[in-house]
Every structure is written in structure tokens, then in C-alpha cells.
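All remarks here apply to the structure that follows.
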Amino acid sequence: MSDVALSPARVALVGNPNSGKTALFNALTGSRQKVANYAGVTVERKEGTVTAASGRTIHVLDLPGTYSLRARSPDEAVTRDAVLGQLAGETPPDAIVCVADATNLRLVLRLILELKQVGRPLVLALNMFDIAQRQGLRIDLEGLARDIGAPIVTTVATRKRGIEELVAQIDATTLEAAATVAREWRAPDAGEIRDAHREAQRLMKAHVRPPERPDTLTGKVDGVLLHPVWGLAILLAILLLMFQAVFTWATPLMDLIDAGMTGLGGLVALAIPEGLVRSLIVDGIIAGVGSVLVFLPQILILFLFIIMLEDSGYMARAAFLMDKIMGGAGLHGRAFIPLLSSFACAIPGVMSTRVIDSKRDRLTTILVAPLMTCSARIPVYTLIIGAVIPAKVVGGVFSLQGLVMFGLYAAGILSALGVSFVIRRFLWRGMSEPFMMELPTYKKPDPTNVARSLLQRGQIFMSRAGRIILPLMVLVWFLSTFPYPPAGATGPAIDYSFAGTIGHFIQPLLAPIGFNWQMSVALVPGMAAREVAVAALGTVYAVGDAETNTGGLSARLAEQWSLASGLSFLAWYVFAPQCVATLGVVKRETNSWLWPTVMFVYMITLAYIAALIVYQLTVALGGG
Amino acid sequence: MNNLSIDRVEIAESIPEVGITLRLSDASVGDRGVIIDVRADDDGKDHGVDIEELQRRLLEFGFVEGARVEVIHEGAIGHDPIAVRLDDMRVALRRRDAGDVIILLDRP
């Protein structure tokens, strides 16, 4: 073997969406993979390595799925640029591995023809070959390989079949054709797309015999799942189950994490003498890490549902069912998933807007995502509702407190739809981009692949959110701790700190919406994350540990707050951008300070107006 | 899968009175036929992209002359969007974007 054999090879995986590309990537690289971002763009970069039988290392890059090199979304642009070798900071691949669903070849054949034009060595992996065989689909592999001018390997990624052969083929192909330069490529016009289809059709006719036992299951299942009435009812049931899971299954785990972090804080407090360092570690860092960690169970459960729905093929159906409803508000059918995620936390919601092709559609979705009632609002809502809303039963069955809670959720959803409608009507007039989407065949999600995706998304959430939230928690700790109260001070310590000063300073502004100075002060640490406001209220009302003693705090608030002030505080929290982490993630995702600024300004304006209306109206009605 | 489509188009073009043609945007569930034209006609509607780009996207998804098409599902509100079986795959799209796909219905 020469030196060439020892120098590592680079290949890129390209394929249509739903071709099992990620499963093949997992089968190839196992756990030796790394998820990061491409330089300058917020597209996930997944790379792994595999060692060929010859001992050579092969770097495998998993590129976003696409139907064509004529890219439309940022994801697809990455695929095009990587294939052409024009992606900044990336070494051009030595060969392209095109992954195809063997049962659905027509569109991928056209993609292969496009890839051939680029001129890089190509290997075709015919994935899901077991399903093709079961259906009695006959493919003349030799003939097809000869006609497309690329070797073909059949694979079953989920069962790790054909993987060794594929690696050997990649090894051989990259050795034969070392150092190729991509040819000039330009986007095909309508005539050329037609020609390519004709050629793909000819290849199909010549080398593929239609299945003897075609898949009829998908058609039957769709008859129910896409039914105008039953389909929506089932979607609703799935959503209810998902919510149930996110909010009840996660509770024991969240309590455990919470108790663990509190316990850790206690231990550290024992080990380190009273003073600044202890306060920084316990109240700043440990509390900060805890505030991120505590949401992890909810986010993992949410991601588990989303991954299973995606892998099974149902997600496209959900987008189909929701498109008209979302479209009425100027949103894309695919915006459904990010908005759904935002019920747990706006951060994964904003991160998952990457599936939306059009930039405007994506920005609109990002801007309204924080209006969905995230789980960090729940502690605030629970506390205030418990304090100011009487525990009455109305209409015989409904608890008044429950109805208010429901009203707050509804207010979030309706305002999100309303804001997006306004954005599409006035900011970016015109329709959203065409909604065109393949409805893939239903498949049973593969447990290994689901677990791997879940782990990766969890890691991404922790590193992104952690990197933003942690420093902010330390900042908020600083603001709430310094300067110290003067000797002989009688009020709570926070009152003398920077946070207290800011709170007192903005209080006159907040007087028209019925906020007293304690509420104003609590808003400052509450910027870190919404639920922190609960702890902050506990501090200003000097109730001690407010999180474990909400009963005491609730009783205190019930004495001190009027109904109008309480409702106004709730209305404020429906809209207020009380979460710097979300703003930070929006900055990351849009690569600009403009959009987080726009978001902050419009949300705080809405919050003020809503709280003003609610307060003045309640006072006028005698609730002051 | 069906490979008789190409021949069909030729027949339809030579003696167009043999069948009913309609826009995919006007088709109902159960309508099936073959695509005989994918145009780039400006229908005055806003598609979010220009009409040539819409045509290229339709073509790319396989809405191409000769392809078999059948409307299999439609949404609850305003019968929109629609899901069609397009050769051997299933594709969802909005009616407003489907106006330039002309189909020749199969004779019953």
C-alpha cells in the first residue's frame, strides 16, 4: 500500500429526505461522531469516522437531506456548497455517497444525475433494500450501475447490513480517483429538469421492475390519519398525550434534580465558609446550572416524541393537517413543530425552526415562538393564581383557577397567531413560500437511532442553553447581591442591591399597570428566567426559601396584592420577554442583534399594553 | 408504478377531444389521470416565489409531463391542502400552487 492508502479519505453523504441517511450515518460511524455547527451558518454539522478493512480512516460528513442541488433552505445550501467544495472551512470531499431509499428511486435518480454533473466520484448506497425485496421490487443493479457510472452497494442501515461492503467500496473508489476537481455547476432551468426526469424515467424503465407486493399499509393508515375529521382528532389526542407526558412524567425527575441541586448547594455551603465565594458558588453557579438542568427531563421527553413522530413519518402528516390553520395566520405548516416545542421551552423551539425553508417564514416563527406558554411560566402562573384567584368552582365542574390557567395558555396561542398575522400583513407582505412536501412511507422508528438522536439533541440543548444561561445567572446574582445593605438595615438585602435600585427606578413607569416596588424589583432577577421571579418575590417579601414554601409566599401575596395587580402581573408574564436565554438563542440562530431587539421591543410593548388594560379594567370594575 | 404515461400524452396531444383536462388545483379526491402540462402561467396569485421558480419546484418534486397523478386526501378546511399520489410517491401541496399542473383525467 502506498502513502495514498494511509492518508484519510473524506466522503459526504447526500440523499433525499427520508432515505434513511442518518440511520446509515449512524451505522457507519457508530458512536464516533461529532455534532457542531458549520462556520458562520447555523446548520448542524455531523461528522464521524470509520476505519476501512485496509486500516485507512474515512471521515464521513452527513449533509442535510435535499431533492436537488438547487438549494432553497440554509440546510440545502450547505449540502450544495459542500458537494461543490465551496463551503468555507471545509475540505472538499474525495467522493460523494448518495443514499437512496431503494423503494423510492425516481427522485433520487434525478439527484444522482445532478451529482454526476459535478464530477466527483460517486457511490450509490441503495438503502432499505430489505423492504424493496419484501415488496418484490426487482432492481438490475449491474445495469443501473453501468448506466449511472457509479458503483452500487445495497444496505439495510437499521440492521447494519451491507455496511462493510459500503466501506470497502468507498475505500476503493476514493483510491482510484484521487484528487478530482469539481466541474462548473449551475442551477438547471425548467427544460433541463424535465430532461433529467425523462432520463430518470428511462433508467427506471430499463432497470427497475415495479414491486409485486407494493406497500399498501401507508395508504390504509393515511385513510385514517389524514381523514378531515379523524385525522385532526388523532392529532389532537397525540398532542394531549405529549403534553401529559411533558408535564406529568417529567415532574418526579425535575423534583429529583431540584432536590439534588439544593442538596449540593447545602453540601458546598457546609464546606465553604460564609462569604462572597460561597454565595457566588451556591446562589450563582449551582442555582444557575440547576435552573438549566431542571428543564432537561421535559425537553428530553418532548424531543423523544418529536423524534419518534419524525422517524415514523407522521410529522409530515401533522404539517399537512395543520397547514390551513397555520396558513391563516401567515405561518408555514412546518412551523407547527417549533411552536409545539415552545410549550416546553422557547429555546428548542427556536432551534428547530431550521426545518423551515424560507427565511421569512422562519423568522416569523422565531419571533412568535416565545409567546407560546413555556414551562418556566408555570411556577409564576401557579403562584399568582393561587394568591389572587379564589378556589371556586364555576358552572358546576370547572375550577376558576384552572380556567384562568387555561385562559393564559389560550392568550399565548392567540397572540402568537395574531402577531404572526400582523408580521405577514404589514412587515412582509405576500404569501409564504409554496408548501410542497413528500409524505413518506410509514416506518417503525429504530430504537438505536432514536436514542442516538435524543442524546445528541439533549447535548446540544445543554451546551447552547448552558453557555448562555450560566453567565447570565452569575450576572443576576451579582446585581442582586451588590452592594451589601448598610449596617443596621431593616429591609430585605435585595432592596439595597443594584437590582433593588433598578426596581425602584422603574417602579414609577410600572405604577400605571399596578406593580408595587416589590414586583418591580422581582422583575430584574426574573430576566434570567421566568421562574426565577418566584424566588425573587420570596426574597423581597423575605419568606425565606420561596420555592419550597410557595404556600407561605402565596398567603403573603394574597394579603398584599390587589386582584387587579395580580391579574396585571399575569398579563405581563404572557407577553414579557422575561428570558435572556431565549434572546441569546435568537441572536445565535439569526446571526444578528436586530431580531432579538425586535423581539424584545415588541414583546415588552405588548406586555405593558396588556397589563395596563387588565389593571385599569379590573380597577374600574372594582377589583382594585 | 405505471409506465404507459408517455404514450398516453402523445395520444392526448394528437386527439385532445378524447378526455377531460383540468387543473390539479380544481381536482377532487378520487380524480386520477396523467399530467400533460406543467406551465409557468401567471394566474395573478401570489405564491411567495416567482412563477418560474414555482414551476421548477413542481418539476423537481416530480410533477412532470407523463407522471401519473391521483388526488388521495384533502384538508378539512376549504378542501386544502391536497395530498396526491404522484407515480409511486405521495406529495402534499396547496391548491393555490397547483394551478399550473394540467391533468388529463382517465376515462371511467
Quick one: how many Å² of A:Lys220 are accessible to a 1.4 Å probe, rounded to 10?
140 Å²
Between region A:52-87 and region B:48-97, what's the alpha-carbon centroid distance in Å?
28 Å
Considering only protein heavy atoms and a probe of 1.4 Å, how much of the accessible area of chain A is carbon and sulfur, as a whole percent?
64 percent
For region B:5-105, with all protein chains present and a 1.4 Å probe, just round the carbon and sulfur fraction of the accessible area to a whole percent.
48 percent
Once you keep just the Cα pairs under 8 angstrom separated by 6 or more residues, what percentage relative contact order results for region B:5-105?
41 percent
Protein-protein interface of region A:313-354, residues with accessible area decrease of at least 50 Å², isolated chain reference, 1.4 Å probe:
A:Phe320, A:Lys324
Relative contact order of chain A, pairs being alpha-carbon contacts under 8 Å that are 6 or more residues apart, as %
10 percent
By accessible area with a 1.4 Å probe, ligands and nucleic acids excluded, highest first: order of A:Lys324, A:Lys444:
A:Lys444, A:Lys324
Region A:345-376 and region A:239-302: distance between their alpha carbon centers, rounded to Å
25 Å
Exposed-site-free run, longest, chain A (rule: GluC sites (Glu not before Pro); DSSP loop; at most 16 other C-beta within 10 Å)
A:275-546
Accessible area, probe 1.4 Å, largest first, for residues A:Phe295, A:Phe569, A:Phe600:
A:Phe600, A:Phe295, A:Phe569
If ligands, DNA and RNA are left out, what is the accessible area of A:Val614 with a 1.4 Å probe, given in Å² to the nearest 10?
40 Å²
Per the charge dipole of the protein assembly as shown (beta-carbon charges, Lys/Arg positive, Asp/Glu negative, Cα centre), the residue among A:Cys98, A:Phe515, A:Ser453 reaching farthest to the positive end is A:Phe515
Which residues, if any, in region B:35-66 lose at least 50 square angstrom of accessible heavy-atom surface (probe 1.4 Å) when the other protein chains sit next to their chain rather than the chain being alone?
B:Arg56, B:Arg57, B:Leu59, B:Glu60, B:Phe61
Angle, helix A:190-207 long axis vs. longest principal axis of chain A, Cα atoms, 0 to 90°, nearest 10?
60 degrees
Report, in listed order, any pair from A:Lys220/A:Lys443; A:Lys21/A:Lys444; A:Lys21/A:Lys46; A:Lys34/A:Lys443; A:Lys205/A:Lys444 with a Cα-Cα distance greater than 18 Å.
A:Lys34/A:Lys443; A:Lys205/A:Lys444
Taking the Cα centre as origin and putting +1 on Lys and Arg beta-carbons and -1 on Asp and Glu beta-carbons, what dipole magnitude results for chain A, to the nearest 20 debye?
1060 debye
With a 1.4 Å probe, how much accessible area is buried between chains A and B, both sides summed, in Å² to the nearest hundred?
4000 Å²
Compare each residue of region A:195-233 in its chain alone against the assembly with all protein chains, and report those whose accessible area goes down by 20 Å² or more; 1.4 Å probe, heavy atoms.
A:His197, A:Gln201, A:Met204, A:Lys205, A:Pro210, A:Asp222, A:Leu226, A:Pro228
Roughly what would the spin-label model give for A:Leu475 and B:Ile20, points 7 Å off Cα along C-beta, in nm?
6.5 nm
At 1.4 Å probe size, put A:Asp75, B:Asp26, A:Asp140 in order of accessible surface, largest to smallest.
B:Asp26, A:Asp140, A:Asp75
If you put +1 on each Lys and Arg Cβ and -1 on each Asp and Glu Cβ, how big is the dipole of region A:512-624 around its Cα centre, in Debye rounded to 20?
240 debye
Mean Cα-pair separation over length for region A:253-330, i.e. relative contact order, pairs under 8 Å, 6 or more apart, %:
30 percent
Using the Kirkwood radius over Cα pairs, work out the Stokes-Einstein diffusion coefficient for the protein assembly as shown at 4 °C and 1.567 mPa s, in µm²/s as a whole number.
46 µm²/s
Kindly provide the trypsin sites (Lys or Arg not before Pro) of region A:122-202 that DSSP labels as loop, not H, G, I, E or B, and whose Cβ sees at most 13 other Cβ atoms within 10 Å.
A:Arg183, A:Arg186
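The values are calculated or read from the model by the stated rules, or taken from the named source; none is laboratory data. This one's a predicted model, so the numbers in the text were calculated from it and none came from an experiment. Here Cβ is always computed from backbone atoms with ideal geometry, including for glycine, and neighbour counts include all displayed protein chains. When the accessible area is computed, the model is the full protein with side chains, heavy atoms only, and any ligands, DNA or RNA have been set aside. Shrake-Rupley method; radii C 1.70, N 1.55, O 1.52, S 1.80 Å.
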